[in-house]
Each structure stands twice: as structure tokens, then as C-alpha cells.
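Visitor: Let me begin by handing over the structure; questions about it come next.
The values are calculated or read from the model by the stated rules, or taken from the named source; none is laboratory data. Fair warning: this is a prediction, and the values are worked out from it, not measured in the lab. Methodologically, a virtual Cβ is constructed for each residue, glycine included, from the backbone with ideal geometry; neighbour enumeration extends over all protein chains shown. Heavy atoms of the whole protein, side chains included, go into the accessibility calculation; ligands, DNA and RNA do not. Shrake-Rupley method; radii C 1.70, N 1.55, O 1.52, S 1.80 Å.
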Amino acid sequence: MAAAALRSRFAVVGGGIAGVTCAEKLATEFPSEDIFLVTASPVIKAVTNFKQVSKTLEEFDVEEQPSSLLEKRYPNIKVIQSGVKQLKSKDHKILTEDGKEYIYEKLCLCAGAKPKLIFEGNPYVIGIRDTDSAEAFQKNLAQAERIVVVGNGGIALELVYEIEGCEVIWAIKDKAIGNTFFDAGAAEFLIPKLTAEKRETAIACKRTKYTMEGKAKKERPIAESDKLGSALGPDWHEGLRLKGTKEFSHKVHIEILCEVKQTLLQQEFLQLKRTSLTFPKEEKNVEADDVLWPIYVELTNGKIYGCNFIVSATGVVPNVKPFLDGNNFALGEDGGLKVDEHMHTSIPDIYAAGDICTASWEPSPVWHQMRLWTQARQMGWYAAKCMAADTLGEAIDMDFCFELFAHVTKFFNYKVVVLGKYNAQGLGLNHELMLRCTKGQEYVKVVMQNGRMMGAVLIGETDLEETFENLILNRMDLSAYGEDLLNPNIDIEDYFD
């Protein structure tokens, strides 16, 4: 006879930022109710040192903590360490891998996303998404002379910048690096940092270091690509020694506008009698490579490079698979669970937040969804508020954080702030850009449409984020200022305080 199912008013699935934030908020709103937090990982991700920088910009550190710490802080949170085997939405029931059943009244799915690997099951392809895969990468890099990095988001950018003593062929499908966050101008501003031999001392890292100490480390199984760790944050490479075998610091060659056509193992490469290229020193004389490599990458531009291994940093896919069987969820184009403006999925009493969900409400003209830690925290918090309001029969307004897209991070040791439609997303041709750039110091770009500021990219210590945030939110007509808007000799803040 199976053990009786445990009941709770609220259950949350996922131990990442969205899930933990949601559970914490529910625990505070309903101190006398037990909150079930179901997570496959022995550690959870906690937000620490939270700082509201401006109306919409926030900074926080993320710390991996044992789940017992969370239970200590919130005695009504019960952490269930197991994966979800099945969700029976009609019965309001979750079945976990360890054979137990949990009955909920309201459920929030925050199971995150998993890395999109370019080739599943290839031992020479490493996907980087979580702390386990970052450690595996570091081990491989210690023996490497050349690697190929595929992808053009934040993780690829940081990775290429941090790697020393190893040749890096970086294949990107766009014209310029860092396309998720910048345009070609910002990329040009950052590129000198990639080729600089002398590394400046790193700015002291305020965020957490990921270390699994002592006991936890031994017991933690090796990560397979289908096991989900929590997402990496902006300082994930801190404390990892990213150094290859060679004695130089940076050697990066960027292949633009291409993707990986296929990979060839050494055996196949030799059988097919293909020719691969050496690391390009001057663009002109590219020679055939006489070194034999464990794996070869053929790019869609026809070039073939050999390397020790390939890093796939090509984004993520929402982790919806465990929940679809027998449940009729509406899915977004990107494969996430569609949620409305109250974070409801299409199934009654089930909400979703963070990387697993796809925002399907009519967004503010200057907000869009991006699978980032900031949004995971905001969505988790807001989903809990919505669950509470529904339970108590109260009305709730859309949270202010969805008014303006705002994100602060660091690339190549520069502070980077992106606001609104910073890459003119969805504005078509009807927009103009204004730029101000001081080489090696700052890069300021604003996106204007019909005299109104729609977005901005700020690299370096510009101190303009609050002013620009206000200008975007207030939808003020700025046509009168023309180019003076970015004139460094005019203190723009005095105008608009």
C-alpha cells in the first residue's frame, strides 16, 4: 500500500531563482501554511545583497545554499529533494521520482531551462549553463590548446574574454559579437579588450563564488547534459581557473555570419581526406593545419578547424518536458509555458515563472522578456503575489517591473546597463540612434523614435541610467534637444531631475 499523499495549499517546482523567490514570498504571505518546494538539486539558489538601484534596475548576488538553510529561514517551507516524474493537473497532484505524491491547491512551475546543445551526445561538445558544466569545462580546458566557441550571448562573451593560454575560434551567426546585448558599435568598443595582451587586475568581485565545499562536493554526481543545474550568473567564471596549456594570454579569432554545419571526429576527418586550417595569424595567408585534433568543426562558410573540444553556448530551451504528458498546456513559440498577466498558465490553478514560461500578455512598449536572472526573480515574486491574491479573492495590478526592460551586468570588466528596446527590438526602420563613445572608457547609445527615447545601452561608469530610465518611462518629447542629448559638456541630469 502506497503512503498517503501529502497535501499543501501551495507547491512550487524548481530550486532556481524564480522558484525560491516564489516560495519565500508565499511563505511570508501565508506563515501558517506549509509551502512545498520540489527541487531535483541538493542546493538552491538564493538572492542575497539585493539592491534596488533605481525604479526598475536592481542588483543582487546569487548564492548556492544547501536547502536546509532555506528551511531554517522559513520554517513553513518544506523542501522536497526529488525530480518531478509526472504532473496530474486534473487531480491537482505531483508525482516525484522517488515514488511520492503531493496534492496542491495552487502550483507554480519554475523548472527553468536547459542548454540548447548544438550536437547532443557528442563527448567533445560541452554545453555551459550551470555550475556543474562550468567545472567540467574547466577540467577540459586545462589540457586544451585550441577550442571552438559557438554562440553569441552573455556566457559566450564572458568565456572568450576570460580564457587564457588557449587559441579560441569563436563562431557567431551575427555580424558582431554580443548580439544579445549590443549592436556592432558596442562590439567594436569592446573588441580591443579581447586582443589586449596585458590583463588589468579584475575589479573585486562582489558576487558570490561558486564553491561546493567538502562533503557536498564528494556526494554530488557528475552532471550529464540532461541533468539540470541552476543557471549561471554574471560572475560564474570567478574562482574557476580558465587557463589552457599555452603561455600567451589572449588569442581569439572570430568567424562571423556562420554556424556549425557539422562536426567530424578525427577518424571521419581522415577518411574523408578533408583539409583543416591553422589558427589565422594574418587574415591573408591561411595555411593548412598539419596537427591532428580530436574533433573538427566545419562551418557554414566552408572553413574547417580542428580543436580539442567545442563549447556550445547557444542559449536555452524552456524545461517543459516533465510537465506536458497528459496536460494540455498552451506553449509559446519558444517552447515555454504561456502565461497571462497574472502568471497563470492555460491550466487552472497552475502558474509559471522564470525561464520555463513565455510572457503572453500585451507587453509595455519598452519591455520584453529575456531569460535573465533579474526577470526570474521578478517573475517568481510577482507569481507568488498573484497566487496570494487569487487565493484571497483580491484584485492585483501588473507589477511595475514589467513597465521597462532594465538589466545591469558586467562584460570585460565594464559595467553594462541595457534599458528598454536597447537594440531597437521590434521598432522596424522607424527609429534613429545617437552615440557617444570615448575609447576604452565609455559607450553610450540611445534609441529614439518620433522624438522619444525608447532604449539605451550604457557601457562604463556613465551615471546616466536613472536619467535615461526616467526619460524612457515618461515618454517625454526630446526632439528639441537634438544631438545635445548626449553632449558630454551639458549635464543632462540637470534638465530632467
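Visitor: Contact list please: Cβ distance under 6 Å, first residue in the range 25-49 and in the same structural domain as Glu63 (by the TED database) and within 10 Å of Gly14 (Cα to Cα), second residue open to solvent by 50 Å² or more (accessible area, probe 1.4 Å) and at pLDDT 95 or above, pairs at least six apart or on different chains.
Guide: none
Visitor: Residues that are over 24 Å from Arg371 (Cβ atoms) and open to solvent by 70 Å² or more (accessible area, probe 1.4 Å): which strands (runs of 3 or more DSSP E) entirely in the range 34-127 hold 2 or more of them? Spell out the reasoning first.
Guide: On the way: elements: 35-39, 43-52, 58-66, 77-81, 84-88, 93-96, 101-109, 113-115, 125-127.
Fully inside the range 34-127 and qualifying: 77-81, 84-88.
Visitor: Ok, one more. Which one is modelled with the lowest pLDDT, of the residues in the range 418-462 that are of a type in the set (S, T, N, Q) and assigned to a strand (DSSP E or B)?
Guide: So the residue we want is Thr438.
Visitor: Further question: Give me a count of the residues in the range 389-411 that are open to solvent by less than 50 Å² (accessible area, probe 1.4 Å) and out of contact with any strand residue (DSSP E or B) (no Cβ under 9 Å at 6 or more places or on another chain).
Guide: 3
Visitor: Same structure again: Identify, from the list Glu59, Glu101, Glu71, the residue that is more than 17 Å from the chain's Cα centre (by Cα) and in contact (Cβ under 8 Å) with a residue 40 or more places away in the chain.
Guide: On the way: Glu59 fails: more than 17 Å from the chain's Cα centre (by Cα); Glu71 fails: in contact (Cβ under 8 Å) with a residue 40 or more places away in the chain.
Among Glu59, Glu101, Glu71, only Glu101 is more than 17 Å from the chain's Cα centre (by Cα) and in contact (Cβ under 8 Å) with a residue 40 or more places away in the chain.
Visitor: Okay, moving on. Could you figure out which of (1) farther than 16 Å from Ala388 by Cα; (2) surrounded by fewer than 24 Cβ atoms within 10 Å (Cβ to Cβ) isn't true of Lys25?
Guide: (1)
Visitor: Looking at the range 297-339, which of its residues are small (Gly, Ala, Ser) and within 30 Å of Leu159 (Cβ to Cβ)? Steps first, answer last, please.
Guide: The initial filter retains those residues of the range 297-339 that are small (Gly, Ala, Ser), namely 302, 306, 312-313, 315, 326, 330, 332, 335-336.
Answer for the range 297-339, where residues must be small (Gly, Ala, Ser) and within 30 Å of Leu159 (Cβ to Cβ): Gly302, Gly306, Ser312, Ala313, Gly315, Gly332, Gly335, Gly336.
Okay, residues lined up against (1) open to solvent by 50 Å² or more (accessible area, probe 1.4 Å); (2) over 28 Å from Phe412 (Cβ atoms); (3) free of Cβ contacts under 8 Å to residues at least 12 places away in the same chain; (4) not charged (D, E, K, R):
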{"site": "Gln441", "(1), (2), (3), (4)": "yes, no, no, yes"}
{"site": "Val444", "(1), (2), (3), (4)": "no, no, no, yes"}
{"site": "Phe468", "(1), (2), (3), (4)": "no, no, no, yes"}
{"site": "Arg475", "(1), (2), (3), (4)": "yes, yes, no, no"}
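Visitor: Any idea how many residues of the range 331-353 are of a type in the set (Gly, Ala, Ser), open to solvent by less than 40 Å² (accessible area, probe 1.4 Å) and assigned to a loop (DSSP other than H, G, I, E, B)?
Guide: Number of matching residues: 4.
Visitor: If you check Glu188, Glu167, which single one turns out to be modelled with pLDDT of 75 or more, out of contact with any Gly (no Cβ under 7 Å at 6 or more places or on another chain) and surrounded by fewer than 16 Cβ atoms within 10 Å (Cβ to Cβ)? Show your work before the answer.
Guide: Values: Glu167 fails: surrounded by fewer than 16 Cβ atoms within 10 Å (Cβ to Cβ).
Selected residue: Glu188, the only one of Glu188, Glu167 that is modelled with pLDDT of 75 or more, out of contact with any Gly (no Cβ under 7 Å at 6 or more places or on another chain) and surrounded by fewer than 16 Cβ atoms within 10 Å (Cβ to Cβ).
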